[in-house]
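Presented below is the structure to which this report refers.
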Amino acid sequence: MKLAKFLDKYDTVIFDMDGVITSEQNYWNCAALTVWEYLNYNSGQKINATECMQNISKIRSHVFSDDELISVLKGKGVNSNWDLGYVTVLIAWICNGKNDWNYFDKVLEYARSLSDNIIDEYDNLAIKCAEKTGFDYEWLKRNGTMWTTMRDIFQTWFLGDELFKKTFGYIPINTGKTGLLYKEEPIVDKNKLIAIMSLLSQNKRVCTGTGRPYIEMLPPIENWGIKQYFAQNGLCNYDNVVEAEKELNNNALTKPHPYMFLKALYGTDYSNKRIVDGDYDKAKIKTTLVVGDAGADILAAQTMGADFCAVLTGIQGERARGYFEKLGANYILKSVEDFLVEGE
């Protein structure tokens, strides 16, 4: 096998991870469990982690309307699965109030009515939720207490009790979680993924621009034997975003902002201020390819001026083809496996 000819023109290839290399199934399970636990928690009900894990498919189907809500929100630019859970709870409270929230069909209907760039609506959702519930806006807004509490609940489901305590230094509110992190599988054939990364790394810089924090990005690429093929300073992840937002007092550097892909391209050791100010060698972008599965990925790539390769392994699958065609993706592939072709 060899690399497809269209890759010859690129010196750098930047991969989103979830929906491209890694499967998002466990993340969506975590998001559903987080919504379920948080809404119950705020209604004075304590969940049983073991029972929730036994009923995970049923809970996810209920919370996300057979995954249609995931598809709608991802299509409107929700990139982080923390935000997926956060927005779902806000809408649930807006539609049904804080004491009668368990009607997710209304959530789906409301989500469909939101603008195609939902990032701009986060603040409006928090304001409307405050009016509906009486909760304080400062508590409800993104990166406020509600958001950070939901993020921590999500992390307990994904990391499990032991790794969560080791990472954050305290015991989670509800214990008994074993961690979905340990059930991860690549979204494509592992041997082909290894071949792709090995071939790319021979004469290209291979990077990531992922919404995962480092602690969640590292285990799969190590376990699958592909970490060695990535540039050491090309593993841009959510921790870099948090650091840059704090340093620059800017809370808008997640995708679809191009920061993550630019940080991967120029190196995680490159100045955050220079990246945000546009102080970098723009010629390098012409030979850079971004690979992603979601709206936030293509919008970020196009904002920075890079070519974009869409893969149809995200939540919408083949249904996303028309969306990427409309936005002018340079390439649309069924999966990253199409990077490989039969050699002579």
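Tell me which helices (runs of 4 or more DSSP H) are completely within the range 90-148 and hold 1 or more residues being without any contact (Cβ under 8 Å) to a residue 60 or more places away in the chain and of a type in the set (S, T, N, Q), or say none if there are none.
The helices (runs of 4 or more DSSP H) meeting that bar are 122-133.
Give me the residue from the range 261-271 that is touching a residue at least 24 places away in the same chain (Cβ under 8 Å) and under 17 Å from THR303 (Cβ atoms) and, out of that set, surrounded by the fewest Cβ atoms within 10 Å (Cβ to Cβ).
Looking at residues that are touching a residue at least 24 places away in the same chain (Cβ under 8 Å) and under 17 Å from THR303 (Cβ atoms), I get LEU262.
What residue, of THR149, THR175, is under 20 Å from LYS46 (Cα atoms), at pLDDT 90 or above, hydroxyl-bearing (Ser, Thr, Tyr) and out of contact with any strand residue (DSSP E or B) (no Cβ under 7 Å at 6 or more places or on another chain)?
One residue alone meets the criteria, THR149.
Counting only residues that are in a loop (DSSP other than H, G, I, E, B), without any contact (Cβ under 8 Å) to a residue 60 or more places away in the chain and farther than 19 Å from ASP123 by Cα, how many does the range 234-260 have?
Counting residues in the range 234-260 that are in a loop (DSSP other than H, G, I, E, B), without any contact (Cβ under 8 Å) to a residue 60 or more places away in the chain and farther than 19 Å from ASP123 by Cα gives 2.
So, ILE221, is that one crowded, with 20+ Cβ neighbours inside 10 Å and under 30 Å from CYS309 (Cα atoms) or not?
Yes, satisfied.
Could you tell me whether the range 154-171 includes any residue that is in contact with a helix residue (DSSP H, G or I) (Cβ under 7 Å, 6 or more places away or on another chain), in a helix (DSSP H, G or I), over 15 Å from TRP93 (Cβ atoms) and open to solvent by 40 Å² or more (accessible area, probe 1.4 Å)?
Yes, that holds for at least one residue.
SER198 is checked against (1) small (Gly, Ala, Ser); (2) more than 30 Å from ALA264 (Cα to Cα); (3) modelled with pLDDT of 95 or more and fails just one. What number does that condition carry?
It fails just one condition, (2).
Using beta carbons and a limit of 7 Å, which pairs, at least six apart or on different chains, have the first residue in the range 40-58 and free of Cβ contacts under 8 Å to residues at least 12 places away in the same chain and the second one surrounded by 15 or more Cβ atoms within 10 Å (Cβ to Cβ) and aliphatic (A, V, I, L, M)?
Between residues of the range 40-58 that are free of Cβ contacts under 8 Å to residues at least 12 places away in the same chain and residues that are surrounded by 15 or more Cβ atoms within 10 Å (Cβ to Cβ) and aliphatic (A, V, I, L, M), the close pairs are ASN40/ILE47.
Give the range 95-137 a look and list any residue that's among the aliphatic types (A, V, I, L, M) and out of contact with any Leu (no Cβ under 9 Å at 6 or more places or on another chain), or say none.
ILE119
The values are calculated or read from the model by the stated rules, or taken from the named source; none is laboratory data. The shown structure was predicted, so the numbers you read here are calculated from the model rather than taken from an experiment. Here Cβ is always computed from backbone atoms with ideal geometry, including for glycine, and neighbour counts include all displayed protein chains. Please note that ligands, DNA and RNA were not included when accessible areas were found on the heavy atoms of the full protein model with its side chains. Shrake-Rupley method; radii C 1.70, N 1.55, O 1.52, S 1.80 Å.
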